[in-house]
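The structure under discussion appears below in the form of structure tokens.
The values are calculated or read from the model by the stated rules, or taken from the named source; none is laboratory data. What you see is a predicted model; the values in this text were computed from it and never measured. Every residue, glycine as well, gets a Cβ built from its backbone with ideal geometry; the counts of neighbours run over all protein chains shown. Surface accessibility is based on the protein's heavy atoms, side chains included, excluding ligands, DNA and RNA. Shrake-Rupley method; radii C 1.70, N 1.55, O 1.52, S 1.80 Å.
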Amino acid sequence: MTAGARPMRVAAVQMVSGGDVAANLARAEPLIAQAADEGARLVVLPEYFGIFGARATDKLAVREKDGEGPQQAFLARLARKHAIWLVGGTVPIATSDPGHVRSACVVYGPEGTRIARYDKIHLFAFSRGEERYDEGRTIEPGTEVVTVGLPCGRVGLSVCYDLRFPELYRRMGDLALIVVPSAFTATTGAAHWHLLLRARAVENQCYVLAAAQGGVHPGGRRTYGHSLLIDPWGVLVAELEEGPGVVAGDVDSERIAKVRTELPALTHRGM
């Protein structure tokens, strides 16, 4: 998007996914339609939108081959149906190791063709009392940084725990928008979610759109929710605290240009 171009509406879908893929996709479909009806041209689904089981190993049972499977077919169909760019938060993609998958963020264009795949690089681990997580037990990390050129400008792909690593976004170049499909825990989300998202927006002087899981899942795990859009000055544009729904707002090139003109921080890097 060049300065003066018409703002592009974007949306984040918030879900409370469970362990049944078909049921999760059925819940996601009307939310995607709602976002498209509200004018969104880019729609982002949360991490684990298609499978959020009671056990970390549940996703292994529904892993898909790259380019095949019900979750990927769903994304292609809905992108084509609504003529939108659709970001499938993460899909478990098979690897050569049957005990691990890639957590792949896949992007489909308005014609239903996949235009990008980003495999989550940073794998979440947390231990406090009885609350313990270690994604490395079932996920193989990705290695490649991925961006996508859209009408709003360059969009950087990242997933959840990636948010804690600012150097990842510096490697992406000049961004108009960062997308962060997530499933932050209630504990870490309450402590750091808004802080990290605002920091990434401010330091990259771009918009940040985060689509979250937000509620209680099988096994009793609670996710933080608070799907939101933040502008390049760190201002909260829109937010949904908990439960299924849609958050929408505009990526405005003039707003990006204004912030960067008033505070030319990006031109000072390396000095």
Exercise for review: Sum -39500 (n - 2.57) across every DSSP H segment of at least 4 residues in the chain, then divide by the residue count to get the 222 nm mean residue ellipticity, nearest 500.
Suggested key: -7500 deg cm²/dmol
Point to revise | For the chain: accessible area per residue (Å², 1.4 Å) | key: 42
Exercise for review: Run the dipole for the chain about the Cα centre, Lys and Arg Cβ at +1, Asp and Glu Cβ at -1, nothing else charged, and hand back the magnitude in debye, nearest 20.
Suggested key: 260
Check your understanding: Which option, (1) 17.3, 52; (2) 22.6, 73; (3) 23.8, 77, is the value of Rg and Dmax of the Cα atoms in Å that was calculated from these coordinates?
Key -> (1)
Exercise for review: Please get the size of the charge dipole for segment 94-221, origin at its Cα centre, with Cβ charges of +1 on Lys and Arg and -1 on Asp and Glu, quoted in debye to the nearest 20.
Suggested key: 180
Practice item. Pop out the ³J(HN,Hα) list for segment 53-69 in order, Karplus 6.51 cos²θ - 1.76 cosθ + 1.60 with θ = phi - 60°, rounded to Hz; leave Gly and Pro as x. Key: x, 6, 10, 4, 6, 4, 5, 5, 6, 10, 4, 10, 5, 4, x, 9, x
Review point. Of all GluC sites (Glu not before Pro) in segment 124-232, which ones are in loop regions per DSSP and have a Cβ with at most 11 other Cβ atoms within 10 Å?
Key: Glu130, Glu144
Review point. Stretch Ala33-Arg137 to full length: gain in nm at 0.36 nm per residue minus the Cα-Cα span?
Key: 33.9 nm
Revision key, fill the gap. Projecting the Cα atoms of Val148, Cys105, His217 onto the charge dipole of segment 93-226, where Lys and Arg contribute +1 and Asp and Glu -1 at Cβ, the residue farthest towards the positive end is His217
**Study point:** Size of charge dipole - segment 1-137 - debye, nearest 20, with Cβ of Lys, Arg +1 and Asp, Glu -1, no other charges
**Key:** 320
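Between Val145 and Ala61, what length in nm is gained on full extension when 0.36 nm per residue of separation is reduced by their alpha carbon distance?
Using 0.36 nm per residue and subtracting the Cα-Cα distance, I get 27.5 nm.
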Point to revise | Span from the segment 1-58 Cα centroid across to the segment 209-240 one, whole angstrom | key: 12
Practice item. Place +1 on the Cβ of every Lys and Arg and -1 on the Cβ of every Asp and Glu in segment 6-136, take the dipole about the Cα centre, and give the residue among Ala54, Ala28, Val16 whose Cα lies farthest towards its positive end. Key: Ala28
Check your understanding: What shape does segment 198-250 have by the C-alpha gyration tensor, where a ≥ b ≥ c are the square roots of the eigenvalues, rounded means a/c under 1.5, and otherwise prolate means a/b greater than b/c and oblate the rest?
Key -> prolate
Review point. Going by average Cβ neighbours within 10 Å, how do the peptides 10-22, 39-51, 180-192 rank, with the highest at the top?
Key: 39-51, 10-22, 180-192
